[in-house]
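The values are calculated or read from the model by the stated rules, or taken from the named source; none is laboratory data. Source: prediction; values computed, not measured. A quick note on method: Cβ atoms are made from the backbone with ideal geometry, for glycine too, and the neighbour counts reach across all protein chains shown.
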Amino acid sequence: MTNWTVTTLRIGELYLQHGGSLMRDPVHVWLVRGEVAGKSVRILVDSGMADIPTVLARLRVSGVGGGHASLTAVLATEGLTPQDIDYVICTHLHFDHADNLDLFPDSCVVVQRAELMAAVDPVPSQRIFYWKSTINNLMGRKRPAQLRLVDGDTDFLPGIRLLSVPSHTEGMQVVVVTTEKGRVALVSDLGDHYRYWFPADPRAAAHPLRSLSDAFLTGNIRSESERTWQAAMRRVLDNTDIVVPAHDFRIPVHMPEQWFAIPDSTDGDLAHVPPVENEI
Ligand SMILES: [Zn+2]
């Protein structure tokens, strides 16, 4: 089946330290809608972050939005409530991608088995990113209809494929959605801005790196080696038509209506928080 649609929903922003200033990091979830065997199916890819007061208390990171209120509000803009969601596919279980699961007690959460193990016993540098609220919620899902653990690449539904890409985390997965225009890869934090995917392209990167014209930028928060991460990005790019990074302001909102592999310009790649507190 190829008639899936993907809608980007922004549930808030994190303000992250970046080279001495605060940068705005948008937090998204994606609504994937289609039909299987004549029945409508609604999938949420990632469930987003907790509310900012909670994030501030735990990580000393500020921002706007997040939590139940923001997620419920963005679903309402699409005429939906959390009860309407059949599946929540988590790309990974970090706090900004897999909180709010208590809004979806009867939906089926889909995650890589390796990622659940990573959440229980993370690499040390990631202990702060896996929250008990996520782990406790998953452990409380006693019925098979509430939780599906997958192992490796998985054809989840016709036109929905999960690619196993250990890199940023041990059980990272990318959701590939086939639409009438082509395959959309919801790549999450495998490369969370376009500049990671196209580091030598001036439309994607404000400071293009010619030395990376046949390669990628990889992230600092990682469980695997750079070579493993590079190979994962290559595999995703070779098997899909467009990539949609998790934390870039420029990503398309309605797919396939909006369709571009690379944005027009770097505007919106890095956005400062106004005012920048430590420059006043
Ligand atoms: Zn992450």
**Item:** In segment 64-106, the residues that are hydroxyl-bearing (Ser, Thr, Tyr), surrounded by fewer than 22 Cβ atoms within 10 Å (Cβ to Cβ) and in a loop (DSSP other than H, G, I, E, B)
**Value:** Thr81
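A quick yes/no check of all residues on (1) free of Cβ contacts under 8 Å to residues at least 40 places away in the same chain; (2) farther than 17 Å from Trp4 by Cα; (3) polar (S, T, N, Q):
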position	(1), (2), (3)
His28	no, yes, no
Arg33	yes, no, no
Val41	no, no, no
Arg60	yes, yes, no
Val64	no, yes, no
Ile89	no, no, no
His97	no, yes, no
Phe104	no, yes, no
Val111	no, yes, no
**Asked** So Thr240 fits all but one of (1) polar (S, T, N, Q); (2) without any contact (Cβ under 8 Å) to a residue 24 or more places away in the chain; (3) buried (at least 17 other Cβ atoms within 10 Å of the Cβ); what number is the exception?
**Response** (2)
**Complete:** Here the residues within segment 94-118 that are polar (S, T, N, Q) and either within 16 Å of the ligand (Cβ to nearest atom) or modelled with pLDDT under 95 (or both) are Asn100, Gln112
**Prompt:** Consider Trp229 against the criteria (1) within 18 Å of the chain's Cα centre (by Cα); (2) surrounded by fewer than 22 Cβ atoms within 10 Å (Cβ to Cβ): it satisfies all of them except one. Which criterion is unmet?
**Reply:** (2)
**Asked** What are the residues in segment 164-184 that are within 20 Å of Leu31 (Cα to Cα) and in contact with a Leu (Cβ under 9 Å, 6 or more places away or on another chain), if any?
**Response** Met172, Gln173, Val174, Val175, Val176, Val177
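So that you can scan it fast, the table gives a plain yes or no per residue for (1) buried (at least 17 other Cβ atoms within 10 Å of the Cβ); (2) within 15 Å of Ile89 (Cβ to Cβ); (3) at pLDDT 95 or above:
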residue	(1), (2), (3)
Leu138	yes, yes, yes
Met172	yes, yes, yes
Asp189	yes, yes, yes
Gly219	no, no, no
Met233	yes, no, yes
**Asked** Of the residues Val27, Val55, Val36, Val64, which single one is under 17 Å from the mean Cα position of the chain (by Cα) and among the β-branched types (Val, Ile, Thr)?
**Response** Val27
**Asked** All but one of (1) within 16 Å of the ligand (Cβ to nearest atom); (2) crowded, with 20+ Cβ neighbours inside 10 Å hold for Leu162; which doesn't?
**Response** (1)
**Prompt:** Across segment 213-229, what is the total count of residues that are away from the ligand (no atom under 16 Å from the Cβ) and within 22 Å of Val184 (Cβ to Cβ)?
**Reply:** 1
**Message:** Against the definition (closer than 24 Å to Glu13 by Cα, surrounded by fewer than 18 Cβ atoms within 10 Å (Cβ to Cβ), at pLDDT below 95 and more than 16 Å from the ligand (Cβ to nearest atom)), how does Pro208 come out, yes or no?
**Reply:** no
**Message:** Please determine whether any residue of segment 249-257 is at pLDDT 95 or above, in contact with a Gly (Cβ under 9 Å, 6 or more places away or on another chain) and in a loop (DSSP other than H, G, I, E, B).
**Reply:** yes
